[in-house]
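Heads up: the structure comes next, in structure tokens.
The values are calculated or read from the model by the stated rules, or taken from the named source; none is laboratory data. Here the structure is a predicted model, which is why all the values come from computation and not from measurement. Here Cβ is always computed from backbone atoms with ideal geometry, including for glycine, and neighbour counts include all displayed protein chains.
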Amino acid sequence: MTPSPLAFGGRHPNPRNKRAAAVIGVGHTDWVRDWQRCRAGEQPNDSLGYGLEAFRNALKDANINRDEIDGLIAGPTTAYERMGELAGLNPRWGDQSDAVMAVSQAVMAIEAGYAEVVALIYGNDQRSVGTQYGGPAAMGGNAHLSYVYHSPWGFTSQGALYALTLQSYKHARGFTEREMGEVSVAQRGWSSLNPNAIQRKRISIEDYLASHYVCQPLHLFDYCLINDGGVALIIAEAERAKKLSSRPVFIEGIGRSDLNSGATSLESRVDEFYLPAQQVAAAQSYAVSGLGPKDMDVLQVYDSFSVHVPLALEGYGYAKVGEAGKFLRESGIGPGGKLPTNTSGGHLSETYMQGWAHQVECVRQLRGECGDRQVKDARHVHYTSDVAGKCFSVIYGV
Amino acid sequence: MSATEVKTPRPVMGLYDKPMWESVRAGAMKLQRCKHCATWLYPPGPSCPKCLSPELEWTRVSGEGKIVSWVVFHRHYLPAYPPPYNAIAVRLAEGPTMISNLEGTMPEDGCIGRAMRLVYVTMPDGVMLPRWRYEG
Ligand SMILES: [Zn+2]
């Protein structure tokens, strides 16, 4: 199981990181309620307000006093200082980052002794304020040159980046449109069992194939939702977590590998599908945790677009390279499938919280709180993310 | 539509992008080539990502390439681009990949790998864009 140190450029992942910290509280907003209110033309809250509602729920869930918290991470959509001001937190350590980096940073801060109990707070009013993910004002263009560089040729929107990836992936692997459809069909299967999900109507492969293209080869059902909401997590040092909580969910190991070469011209997506970076991230997390794909009961994949899922199946070792299509058809990732994946419905069907809600689902599956969609006796849940070349592998366990 | 409504989206125009766009306007696209290791850069930048040398030479590209991926937009994002329209990724003979458009026809299944030829297209507002046609 333990990969050669050559896989990490001769450096070994630090085994001390195994179970260094645990999630002791999760909270979120009612995205179904806010979806309906947004559709009725209301603005139920702003990003800070959603984050703070989630934080109140996470504190309740953790059943701890706010004074226990000595670290704060604000999500990328709200100013760190204002979030800290409103949360009434004056921590001894802080940061601002996206979902998976936040989990990773929290573990690092805990491991290094800068904090013991870290609150991670994210809120996003993207639906009610009409955040643009395509066109001349596309979100993220300041951080990612590829989001804006190709606009003279009309090449814009996040979806286009993934459509271009899927097209060359189909060609390279013989992956079919029908196989792509398996992902959104499976995730709707899960969301139909999740009362928190925004889109709960089951769909068939035929529905998928009949749906219109937004950016061919991506169909409407391959796209994430755009909705308002917030998520908060409370992560504590492992020993402290055991004292504070009767049901801590441990972070067994984290791996990361970035593929920046060819980022702007999209070579890293179109030629390599981020595969080399996913493999190194996976190997590191497996080496730290002593676990492998066969030990995982549930997989959670960052799914702004459905194509993330087959790439993850190959990159993180669930299917042989070139066999994700076969895996989707024969093993299955939906209810009743061999590898339950995105069991909440994910970004496609539950809520688009940019990876944050996936962490909540990891925790709830391991606590056995998922009702009709609960995966029986889940012991290990794997979260993977490959946003803009930053490939992460996070393994949760009880 | 008025002229302002069909404005071609303006390119990102950093310090190192200007010479490239000037060469496009002249109908002879140039990219930077590293004087030390002969790596070609796209998009333009201050130094070679392979050997870190800042000694780069603006050099005309051959105009040859092959198509490596494609999409067709069915949503209206930009006034200059009413759907449906295509975008393609082309691997230049020199090495870099460029996002552009296929001229003359729409891409279709089986086109990946086809040989391409660089052409220069003047947009309705006068902006000149490097685009690609199937070779032959
Ligand atoms: Zn060089």
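Within region A:285-296, none of the residues are within 16 Å of A:Tyr162 (Cα to Cα) and not basic (Lys, Arg).
Among the residues here, B:Val119 does not qualify as within 11 Å of another protein chain (Cβ to nearest Cβ) and in a strand (DSSP E or B).
Taking region B:33-46 as the search range and keeping residues that are within 14 Å of another protein chain (Cβ to nearest Cβ) and near the ligand (Cβ under 10 Å from one of its atoms), which one is farthest from B:Leu102 (Cα to Cα)?
Quick first cut of region B:33-46, residues within 14 Å of another protein chain (Cβ to nearest Cβ) only: B:39-46.
Filter once more, keeping what is near the ligand (Cβ under 10 Å from one of its atoms): B:39-41.
Details: B:Thr39: 26, B:Trp40: 22, B:Leu41: 22 Å.
Applying the filter and picking the extreme gives B:Thr39.
Please work out if B:Pro83 is modelled with pLDDT under 95, within 22 Å of A:Ser157 (Cβ to Cβ) and more than 17 Å from the chain's Cα centre (by Cα). Give the steps one after another, and end with the answer.
Values: modelled with pLDDT under 95: no; within 22 Å of A:Ser157 (Cβ to Cβ): yes; more than 17 Å from the chain's Cα centre (by Cα): yes.
Judged against the criteria, B:Pro83 is not a match.
Within region B:59-74, one or more residues are surrounded by 15 or more Cβ atoms within 10 Å (Cβ to Cβ), among the aromatic types (Phe, Trp, Tyr) and in a strand (DSSP E or B).
B:Glu94 fulfils the conditions (1) more than 8 Å from chain A (Cβ to nearest Cβ); (2) free of Cβ contacts under 8 Å to residues at least 60 places away in the same chain except for a single criterion, (2).
Among the listed residues A:Gln105, A:Gln167, which satisfies the condition of being modelled with pLDDT of 95 or more and over 27 Å from B:Phe73 (Cα atoms)? Show your work before the answer.
Working: A:Gln167 fails: over 27 Å from B:Phe73 (Cα atoms).
A:Gln105 is the lone residue from the list that is modelled with pLDDT of 95 or more and over 27 Å from B:Phe73 (Cα atoms).
Only one of the numbered conditions (1) assigned to a helix (DSSP H, G or I); (2) modelled with pLDDT of 95 or more is violated by A:Leu299, and that is (1).
If we scan region B:10-18, do we find a residue that is outside the structural domain of B:Arg117 (by TED's automatic domain parsing), within 16 Å of the ligand (Cβ to nearest atom) and not in a loop (DSSP other than H, G, I, E, B)? Scanning region B:10-18, I find no residue that is outside the structural domain of B:Arg117 (by TED's automatic domain parsing), within 16 Å of the ligand (Cβ to nearest atom) and not in a loop (DSSP other than H, G, I, E, B), so the answer is no.
How many residues are farther than 22 Å from B:Pro130 by Cβ, of a type in the set (Gly, Ala, Ser) and surrounded by 20 or more Cβ atoms within 10 Å (Cβ to Cβ) when one looks only at region A:139-176?
Pass one, region A:139-176, residues farther than 22 Å from B:Pro130 by Cβ: A:139-140, A:142-144, A:158-159, A:162, A:165-166, A:169-176.
From the residues that got through so far, the ones that are of a type in the set (Gly, Ala, Ser) too are A:140, A:143, A:159, A:172, A:174.
Adding the requirement that they be surrounded by 20 or more Cβ atoms within 10 Å (Cβ to Cβ) leaves A:159.
Selection size over region A:139-176: 1.
For region B:47-64, indicate whether the set of residues that are more than 16 Å from the ligand (Cβ to nearest atom) and within 13 Å of chain A (Cβ to nearest Cβ) is non-empty. No, region B:47-64 contains no residue that is more than 16 Å from the ligand (Cβ to nearest atom) and within 13 Å of chain A (Cβ to nearest Cβ).
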